[in-house]
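Notes to accompany the following structure.
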Amino acid sequence: MGRFVEAADRHQASFLPACLEDYVDADNAVRIIDAFVDELDLAELGFARVQPASTGRPGYAPGTMLKLYVYGYLHQLTSSRKLEREAGRNIELMWLTGKLVPDFKTIADFRHDNARAIQIACQRFVAICGLVGGGMVAIDGSRLRAVNTHEKNYTKGKLARRKAHVEESIARYLAELEEADSAAIGPATPRIAHLTERLASLRGRLSELEEIGRQLQAAPDEQISLTDPDARAMATGSDHRGVVGYNVQAAVDTKHHIVVANEVTNRGHDRSHLLEMAKAAQAEIGASEMIALADRGYYEGEQIRSCAEAGIIPMVPKPNTSPAQARGFWGKAEFVHEPETDTYRCPAGQQLQKRFARVEGGKLIGVYFNQKACGACASRPLCTAGKEKRIRRWEHEAVLDAMERKLNAMPEAMAVRRCTVEHVFGTIKGWMGATHFRTRGLRNVATETSLTILAYNIKRAIAVAGVASTIKAIAG
Ligand code: SF4
């Protein structure tokens, strides 16, 4: 006869292990959290109330609170209420905090009051886990949703559309009211009362929108988010509406996939982030020459040049944005720059000389062409719609050419980038759930990101080195 595993009888007297230590295995991740936080100099990191006050009710030690948060983010328990509940019933947390159960307000205040210190503390794990140093990082950014719906975000275009919609409704209700008025005999009918009420509400909405319009004019980037004022509408590849949120940037070590640097901004594009992310990663890795892999979104001449000057080897593919190519003509890639003569060799073998230079968008751009050769060229219909083909070249474009040659010599670079960094964001977004962030404001959101990334790094450290070795590395 079959049988199931037998459960213990609730009423059976038993001898449970006498101390909390017996409930936590040697390879439990909670031991890493304990060792890591104990290793930190919390006063130096800027945590408040590191020394207990000599008067008043004793507070909770910042180390205990930090352990509680790190544990929470490691197990997707990110709300202060959940953490309070778990602290009272979760045996690992009892072990970690010494059975302390702070109330949710104290927990939430700790994260709010120590935002910057928590961010620095989380970053320290990278240096002390001893798992970085591959000399190569992959940089990427992802847009994460803020606590702010699309409806509570306004840009000029959105405001105009919403105003037009309300005005259209007002016009429709007015027409209906006029019709009802002319049909009504005696006191106002219920329909008139209903229409009047709706009109008043729509007029109220219109004045709200007009007020938002005034605020929008004063906003530096002509955008307003009502619930989380720091959140911004950003385009994403996966959702045609984009997201109202933040741009989370990460630099990930390609050797062990540890996130070595992160940054949260409310700039919706990546092109101005390459240098700051690469420099932050370089400082963490300590490599004098470091390769930084990034996708086309990071291709920006000055950023790439500054990276090269800082001893960073950027690897960023060129975006396919040639307007001539889009119109069916030969793109710039078909024209080869010859540095010895500073000329371009065109597909017909002709030489295009630099004729003049001008400043465009703050960059000095040389313009190359050969009017005579183009005038007599049989391939001109494939090359240009004008009288001659003109090629524009930035004065520092040699840096971009050198980068392209390196990329061609390393065809696996973009596959390495993808494998290294994309699953980081996939995992983090999965952990954060549908709404991503819980808190509001750039500072608080950056703290959430730091805690999430620390949790990710702890999991990576366990996967790569195991609990015992990680604790050993932390202890130095
Ligand atoms: S049109 Fe001018 S630039 Fe183009 S292939 Fe002919 S000679 Fe070369």
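The values are calculated or read from the model by the stated rules, or taken from the named source; none is laboratory data. No experiment lies behind these values; they were computed from the predicted model shown. Cβ atoms come from the backbone with ideal geometry, glycine included; neighbour counts cover every protein chain shown.
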Tell me which residues, restricted to segment 345-386, are among the hydrophobic types (A, V, I, L, M, F, W, C), more than 8 Å from the ligand (Cβ to nearest atom) and closer than 29 Å to Ile304 by Cα. Phe356, Ala357, Val359, Leu364, Ile365, Val367
Enumeration of residues in segment 202-251 that are among the hydroxyl-bearing types (Ser, Thr, Tyr) and either part of a loop (DSSP other than H, G, I, E, B) or loosely packed, with under 14 Cβ neighbours inside 10 Å (or both): Ser207, Thr227, Thr236, Ser238
Determine which member of the set Ala121, Ala171, Ala117, Ala127 is free of Cβ contacts under 8 Å to residues at least 12 places away in the same chain, not in a strand (DSSP E or B) and not β-branched (Val, Ile, Thr). Ala171
Only listed residue being assigned by TED's automatic domain parsing to the domain that holds Leu66, more than 20 Å from Lys99 (Cα to Cα) and in a helix (DSSP H, G or I), chosen from Ala43, Ala48, Ala35: Ala43
Where Lys158 falls short, out of the listed (1) assigned to a helix (DSSP H, G or I); (2) within 30 Å of Arg296 (Cβ to Cβ); (3) modelled with pLDDT under 90: (3)
Among the residues of segment 272-281, what is the count of those that are buried (at least 17 other Cβ atoms within 10 Å of the Cβ) and either in contact (Cβ under 8 Å) with a residue 40 or more places away in the chain or in a loop (DSSP other than H, G, I, E, B) (or both)? 5
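Quick grid of which residues meet (1) in contact with a strand residue (DSSP E or B) (Cβ under 9 Å, 6 or more places away or on another chain); (2) within 30 Å of Asp22 (Cβ to Cβ); (3) modelled with pLDDT under 95:
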| site | (1), (2), (3) |
| --- | --- |
| Arg57 | no, no, yes |
| Tyr71 | no, yes, no |
| Ile128 | no, yes, yes |
| Arg145 | yes, no, yes |
Report, by residue number, each residue of segment 126-163 that is surrounded by fewer than 18 Cβ atoms within 10 Å (Cβ to Cβ) and more than 30 Å from Thr435 (Cβ to Cβ). Ala127, Ile128, Gly130, Gly133, Gly135
Taking the condition in contact with a Pro (Cβ under 8 Å, 6 or more places away or on another chain), without any contact (Cβ under 8 Å) to a residue 40 or more places away in the chain and either part of a helix (DSSP H, G or I) or of a type outside the set (Lys, Arg) (or both), does Pro58 pass? yes
Spot the failing condition for Met414; the list is (1) over 20 Å from Gly301 (Cα atoms); (2) in contact with an Asp or Glu (Cβ under 8 Å, 6 or more places away or on another chain); (3) surrounded by 13 or more Cβ atoms within 10 Å (Cβ to Cβ), and only one is missed. (1)
